[in-house]
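Participant: Structure incoming, see below.
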Amino acid sequence: MRILLVGAGGVGSAFCAIAARRDFFESIVVADYAQESAERAVAEVDDERFTAAQVDASDAGSVERLARESGATHVMNAVDPRFVMPIFDGALAAGADYLDMAMSLSKPHAERPYAETGVKLGDEQFAAADAWESAGRLALVGIGVEPGLSDVFARYAADHLFSSIDELGTRDGANLTVDGYEFAPSFSIWTTIEECLNPPVIWQVSADGKGEWFTTEPFSEPEVFDFPEGIGPVECVNVEHEEVLLMPRWVETKRATFKYGLGDEFIGVLKTLHKIGLDSTEKIKVGGVEVSPRDVVAACLPNPATLGDKMHGKTCAGLWVTGTGQDGEPRSTYLYHVVDNDWSMQEYGHQCVVWQTAINPVVALELLANGTWSGAGVLGPEAFDAVPFLELLTEYGSPWGQMEVA
């Protein structure tokens, strides 16, 4: 296996640190628009299997050329979702398989954004499914932590814990603090704004058995969820996320939701950014320079990848499944993965949120390399057997957990 990793930032760098401890691949070319960023990521792992290169992730042709030049069998997308489609298209043109941790962007419904879906997350990718299948190539989409591990949990729950599922509810929460900052998101603010201010999507099966996706208001349906391993109660709200668009395609469920533990302060900041237009991606002219307001916000905030030594606490990603257990009795179970920032920093030198995101595509690539997972077309993690993934995740030294919820 020869991997082209596009993106040398926080998640890309953590990906390298995790992969360097494994032997399932022949080489990894780490590519970034700024080659010096790729060179730094390669220097950090000090492994002759890693080399650095320059690529323009906004240009499918640039991705295709580098994939061909490097002999890549797999293209790993580790940049923000603005660049999904050029990398996705470039990988197919180069005859390589493809993986990402976030899917193609949505576009809200023009007239009824808080009731009906417009272009949904991943729609552009799924529209190309036939082309990928005809080429015999695999695009494994949404294989980070959320989406990703949460989707693996959905497959596991359906196959091993439940006879029927009422709701697949992804729940994400943390008790992280950052020394010296009043406001410092632990993940890309660009992506956070995108998913938190877009209309959240919900999957629902009606009384007549027809399933459909619909939208609601941002931050709707607040609930308090008690997260495990000392994190405790966190208020979670509806947020747009890929799991809701992925899970119902492969796992039968009456409802699918995604709720994120943001907190009142974070929600207030996001609402303010929206009110004054600083969430916009449309460029405006300032002093003769054209710039996107959202890019300005991102530039003003600290790089999440640099905050690890100032962060404290744990982050939890998981899936709350309700329905009927295999014994015929009602069941409510939370499958989860917790990472302590002090541990991830000490063990890998990367903060817990980016590390937790990065480990899952490494695990998936190892399963693809040894033939445990295989397929063609545009597929989500739910399309594969969950047990080998969860076993390998534990072997990596990052076990998952399970608890019953009253």
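Participant: If we only count strands (runs of 3 or more DSSP E) wholly inside the stretch 232-321, which ones have 1 or more residues that are touching a strand residue (DSSP E or B) at 6+ places or on another chain (Cβ under 6 Å)?
Facilitator: Answer list for the stretch 232-321: 232-238, 255-260.
Participant: Go through the stretch 34-46 and give me each residue that's surrounded by 16 or more Cβ atoms within 10 Å (Cβ to Cβ) and out of contact with any strand residue (DSSP E or B) (no Cβ under 7 Å at 6 or more places or on another chain).
Facilitator: Ser37, Glu44, Val45
Participant: Follow-up question, since we're still on this one. Considering the stretch 237-256 alone, what residues qualify as being buried (at least 24 other Cβ atoms within 10 Å of the Cβ), more than 15 Å from the chain's Cα centre (by Cα) and within 22 Å of Pro108 (Cα to Cα)?
Facilitator: Asn238, Ala256
Participant: Out of the residues in the stretch 109-160 meeting the condition of being among the aromatic types (Phe, Trp, Tyr) and within 15 Å of Gly375 (Cβ to Cβ), tell me which one is least open to solvent (accessible area, probe 1.4 Å).
Facilitator: Trp132
Participant: Looking at Ile28, Ile3, which one is crowded, with 24+ Cβ neighbours inside 10 Å, touching a His at 6+ places or on another chain (Cβ under 6 Å) and closer than 21 Å to Pro361 by Cα?
Facilitator: Values: Ile28 fails: touching a His at 6+ places or on another chain (Cβ under 6 Å).
Of the residues listed, the single one that is crowded, with 24+ Cβ neighbours inside 10 Å, touching a His at 6+ places or on another chain (Cβ under 6 Å) and closer than 21 Å to Pro361 by Cα is Ile3.
Participant: Does Leu197 fit the bill of being within 18 Å of the chain's Cα centre (by Cα), surrounded by fewer than 22 Cβ atoms within 10 Å (Cβ to Cβ), touching a residue at least 60 places away in the same chain (Cβ under 8 Å) and over 27 Å from Phe15 (Cβ atoms)?
Facilitator: Judged against the criteria, Leu197 is a match.
Participant: While we're here: Would the stretch 326-335 turn up any residue that is exposed (fewer than 15 other Cβ atoms within 10 Å of the Cβ) and part of a strand (DSSP E or B)?
Facilitator: Checking the stretch 326-335: at least one residue is exposed (fewer than 15 other Cβ atoms within 10 Å of the Cβ) and part of a strand (DSSP E or B).
Participant: Inspect all residues belonging to the stretch 356-372 and state whether any of them is open to solvent by 40 Å² or more (accessible area, probe 1.4 Å), part of a helix (DSSP H, G or I), in contact (Cβ under 8 Å) with a residue 24 or more places away in the chain and not basic (Lys, Arg).
Facilitator: There is at least one residue in the stretch 356-372 that is open to solvent by 40 Å² or more (accessible area, probe 1.4 Å), part of a helix (DSSP H, G or I), in contact (Cβ under 8 Å) with a residue 24 or more places away in the chain and not basic (Lys, Arg).
Participant: Continuing with this model, one more query. When you scan the stretch 3-97 for helices (runs of 4 or more DSSP H) that lie fully inside it, which ones turn up with 2 or more residues that are in contact with a helix residue (DSSP H, G or I) (Cβ under 7 Å, 6 or more places away or on another chain) and farther than 19 Å from His350 by Cα?
Facilitator: Qualifying helices (runs of 4 or more DSSP H): 60-70, 84-93.
Participant: Just wondering, is there one or more residues in the stretch 42-65 that are at pLDDT 95 or above, in contact with a Lys or Arg (Cβ under 9 Å, 6 or more places away or on another chain) and polar (S, T, N, Q)?
Facilitator: yes
Participant: Separate question: Could you run through the stretch 120-154 and say how many residues are assigned to a helix (DSSP H, G or I) and closer than 23 Å to Val353 by Cα?
Facilitator: Restricting attention to the stretch 120-154, the residues satisfying the condition of being assigned to a helix (DSSP H, G or I) are 123-126, 129-134, 149-154.
From the residues that got through so far, the ones that are closer than 23 Å to Val353 by Cα too are 149-154.
Residues that pass the stated criteria total 6.
Participant: Moving on. Would you be able to tell me the number of residues in the stretch 126-164 that are among the β-branched types (Val, Ile, Thr), within 21 Å of Cys316 (Cβ to Cβ) and touching a strand residue (DSSP E or B) at 6+ places or on another chain (Cβ under 8 Å)?
Facilitator: 2
Participant: Shifting gears a bit: Could you tell me how many of the residues in the stretch 168-207 are at pLDDT below 90 and either in contact with a Cys (Cβ under 6 Å, 6 or more places away or on another chain) or in a loop (DSSP other than H, G, I, E, B) (or both)?
Facilitator: Counting residues in the stretch 168-207 that are at pLDDT below 90 and either in contact with a Cys (Cβ under 6 Å, 6 or more places away or on another chain) or in a loop (DSSP other than H, G, I, E, B) (or both) gives 11.
Participant: Please tell me if Gly287 is farther than 30 Å from Val75 by Cα and at pLDDT below 90.
Facilitator: yes
The values are calculated or read from the model by the stated rules, or taken from the named source; none is laboratory data. Note that the structure is a prediction, hence the values are computed from the model and not measured. Because the Cβ atoms are built from the backbone with ideal geometry, glycine has one as well, and the counts that use them run over all protein chains shown. The accessibility values were calculated without ligands, DNA or RNA, using every heavy atom of the protein model including side chains. Shrake-Rupley method; radii C 1.70, N 1.55, O 1.52, S 1.80 Å.
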